[in-house]
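Enquirer: What follows is a structure written as structure tokens; I'll ask about it next.
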Ligand SMILES: [Fe+2]
């Protein structure tokens, strides 16, 4: 009986229960779909930097653009013989245009935070940059594969562009195994600056038009990204003008190093076992690097207990064997971006230049280091709000670059010609200091940036030989 009378009631309850369950399930699925759609549109909005909830969903962007490789995968690519933790660095997407909007300010601040925390950040390549980068990597591999004599003939005695053999460059007096093709501003003999014998000004000795075309295209893309990154940093620093940094980079002295590192068991025996490039900072404004899938790069994030004027005293060789290095694992389709010594100078060390070094791996490795730089004629001064006694005099970039190049390559034909023709003296002429106020002279006894530079200039003018340049810096 119970079953007879209870049956229909239970069925009704069951139906209601089933209906409720179906309703809840449907609502749950619909909610998930709606949330997903909302998130996707929010992210799309954020990519345009117009979204009201930019700050909230910004994390979603960085998460989505992050690679899915595990930490173990990343650690496995580290050169043998090195002990370091693999870094997981924040990845950013650069907008098509920087306008100084609220989104730009938030993005700029996030990039600054990443630099101050990690010392380095990653920027996603867009589709065209991927294609251009692939071609540049292919042509650089092709170049390094040609016979040594042909490679070595690519030098020029007016510019520091061209070939540098493995074991030729020194960092802290130890040979580096990097094999390099450097590209500085490619100027014809007819250029007035070349005619006037400005130091470092001259043609690039390209091996062929194919490499010239692919590398120049790559540099143009990086130049575009470099200016946008600097504008975002200006936004993040809350500078009065978004072009406070890019005012220096118009017709900038942008240059590039095409790098090949041999496998650790295929070196020429001129350097230290396993070492690609010794620890150093780069001397310019902004570094935009890329690497293939063979790992080798290590960076040293800022530490509160370390502060030094990198633009004055070379950090070449510093902390080489310290334990606080972080490995930068290869991540497909990203640039790695970090500040150079000039950025540290103008921000009074708020954005310190990032020490880095390279280890040799089991396979040969290819990389690019692009330097987005001030105009050769520019004098860099402290940014508004970042003034101090340390950066009160200003640094003339052309003098700074020439000094560093003379110091790194004292025996190169370019350095010899600069000395022979006393081209360093040209750096003192007003024609070379047309962007910003000329640097203020430093007291002789002071160890300041320009004072230190002046001593190097004087030493070169006096034809002091490379014994003076004992502490060499790789760039
Ligand atoms: Fe470097």
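Enquirer: Looking only at helices (runs of 4 or more DSSP H) that lie completely in the stretch 94-210, which have at least 3 residues being free of Cβ contacts under 8 Å to residues at least 24 places away in the same chain and within 24 Å of the chain's Cα centre (by Cα)?
Expert: It comes to 127-145.
Enquirer: Residues that are touching a helix residue (DSSP H, G or I) at 6+ places or on another chain (Cβ under 9 Å) and at pLDDT 95 or above: find the strands (runs of 3 or more DSSP E) completely inside the stretch 295-373 holding 2 or more of those.
Expert: Strands (runs of 3 or more DSSP E) meeting the threshold: 334-339, 365-372.
Enquirer: Just give me the residues in the stretch 270-279 being in contact with a strand residue (DSSP E or B) (Cβ under 6 Å, 6 or more places away or on another chain) and either under 26 Å from residue 132 (Cα atoms) or surrounded by 21 or more Cβ atoms within 10 Å (Cβ to Cβ) (or both), in sequence order.
Expert: 271, 276, 277, 278, 279
Enquirer: Name the residues in the stretch 6-43 that are more than 30 Å from residue 103 (Cβ to Cβ) and modelled with pLDDT under 65, would you?
Expert: Passing the criteria: 6, 7, 8, 9, 10.
Enquirer: While we're looking at this one, here's another question. Right, residue 290: away from the ligand (no atom under 12 Å from the Cβ) and not in a loop (DSSP other than H, G, I, E, B) or not?
Expert: Yes.
Enquirer: Identify all residues within the stretch 280-296 that are touching a strand residue (DSSP E or B) at 6+ places or on another chain (Cβ under 6 Å) and under 22 Å from residue 331 (Cα atoms); write none if there are none.
Expert: Within the stretch 280-296, 286, 287, 288, 289, 290, 291, 292, 294, 296 meet the criteria.
Enquirer: Please verify whether the stretch 418-436 includes one or more residues that are touching a residue at least 40 places away in the same chain (Cβ under 8 Å) and under 23 Å from residue 152 (Cα atoms).
Expert: Looking for residues that are touching a residue at least 40 places away in the same chain (Cβ under 8 Å) and under 23 Å from residue 152 (Cα atoms), one finds at least one in the stretch 418-436, hence yes.
Enquirer: Now, a different point. Would you mind stating whether residue 283 is part of a loop (DSSP other than H, G, I, E, B), closer than 19 Å to residue 249 by Cβ, at pLDDT below 95 and within 15 Å of the ligand (Cβ to nearest atom)?
Expert: Yes, satisfied.
Enquirer: Within the stretch 152-165, restricting attention to residues that are modelled with pLDDT of 95 or more and in contact with a helix residue (DSSP H, G or I) (Cβ under 8 Å, 6 or more places away or on another chain), which residue is nearest to residue 365 (Cα to Cα)?
Expert: Among them, the one singled out is 163.
Enquirer: Working carefully through the options 391, 422, 403, find the one that is crowded, with 20+ Cβ neighbours inside 10 Å, more than 28 Å from residue 240 (Cα to Cα) and at pLDDT 85 or above.
Expert: Criteria check complete, one pass: 403.
Enquirer: Is there a residue in the stretch 213-231 that is at negative phi and assigned to a loop (DSSP other than H, G, I, E, B)?
Expert: No: the stretch 213-231 contains no residue that is at negative phi and assigned to a loop (DSSP other than H, G, I, E, B).
Enquirer: OK, next. With respect to the numbered conditions (1) touching a residue at least 60 places away in the same chain (Cβ under 8 Å); (2) surrounded by fewer than 21 Cβ atoms within 10 Å (Cβ to Cβ); (3) within 16 Å of the ligand (Cβ to nearest atom), which one is the sole condition not fulfilled by residue 267?
Expert: All conditions pass for residue 267, except number (3).
The values are calculated or read from the model by the stated rules, or taken from the named source; none is laboratory data. Given the structure is predicted, the values throughout are model-derived calculations rather than measurements. As a convention, Cβ positions derive from the backbone with ideal geometry for all residues, glycine included, and neighbour counts pool all protein chains shown.
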